[in-house]
Amino acid sequence: MNKLIVAAMLSLGGAAFSCFAHGTHQHTQAPADAEVSSTLKVSGCWIRSLPAPAPSAGYFIIENSGKTDAKLQSAASATYGMVMLHQTTHKDGMSRMSETHDVAIPAQGRLEFKPGGYHAMLEQPHAAPAIGSQVAIDFFFDTGEKAMAQCEVKPANTQAH
Ligand SMILES: [Cu+2]
């Protein structure tokens, strides 16, 4: 792992972050024909922007007004070469991130992706998006549907909404 990334993350509040080397990527290809869901909505999306080569993180709320559980399988954005789903866990005073898949949103429920928990890891930006600009992210579910969101780019020192 790049020392610059560690330094950038340490400067975010003292917590020691460790991004696992993702050795076993199984990237779900975003289905091009996915229809926009009428029951799965993403709102409140924002991005904590970090200078390259550090990845930025996306946070948002998924609401499921449907009658069955749904799983978020992947996300994609034209602004980033790769978007992964991550979960931050805390153990022995350390924070670390690992890749996750199939994040369940319960029927008639919601799930918040927020600092210290689930987030979208936004890697390989094609161009660094300006603070205050909007970045489009698509979210793909096991129902074969997608949800779209516009995410506001916020500065690196943003801790929450
Ligand atoms: Cu992460």
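Rounded, prolate or oblate for the stretch 93-161? Axes are the square roots of the Cα gyration tensor eigenvalues, ordered a ≥ b ≥ c, and the cut-off for rounded is a/c under 1.5.
Oblate, since a/c reaches 1.5 and b/c is not below a/b.
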| query | Which residues' amide hydrogens lie under 5 Å from the amide hydrogen of T143, considering only partners 5 or more residues apart or on another chain, with H built in the peptide plane? | reply | K71
| task | Rank these by accessible area, largest first, 1.4 Å probe: T68, T143, T88. | result | T68, T143, T88
| task | Count the net charge of all other residues whose Cβ sits under 13 Å from the Cβ of A76, scoring Lys and Arg as +1 and Asp and Glu as -1. | result | -1
| field | Accessible surface, per residue, of the stretch 104-144 when the full set of protein chains is kept, probe 1.4 Å, Å² | value | 48
| task | Between the alpha-carbon centers of the stretch 100-134 and the stretch 33-53, tell me the distance in whole angstrom. | result | 6
| message | So for each of 115-123, 103-111 I average, over its residues, the number of other beta carbons within 10 Å; can you give me the resulting order with the highest mean first? | response | 115-123, 103-111
| query | Ranked highest first by the average count of other Cβ atoms within 10 Å around their residues, in what order do 70-81, 129-140 fall? | reply | 70-81, 129-140
| said: Can you list residues from other chains, or at least 5 along the same chain, whose modelled amide H is less than 5 Å from the amide H of Y118? | reply: T88
| message | Could you order the peptides 37-47, 89-99 from most to least packed, using the average number of other C-beta atoms within 10 Å per residue? | response | 37-47, 89-99
| query | Does a label point 7 Å from the Cα of Q159, set along Cα-to-beta-carbon, have any residues of the stretch 66-89 with amide nitrogen under 20 Å, and which are they? | reply | 88-89
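The values are calculated or read from the model by the stated rules, or taken from the named source; none is laboratory data. From a predicted model like this one, the values you see are computed outputs, not experimental measurements. Cβ coordinates were reconstructed from backbone atoms using ideal geometry, including for glycine residues, and neighbour counts include every protein chain displayed. The protein model used for the area step is the full one, side chains on, heavy atoms only, and it has no ligands, DNA or RNA in it. Shrake-Rupley method; radii C 1.70, N 1.55, O 1.52, S 1.80 Å.
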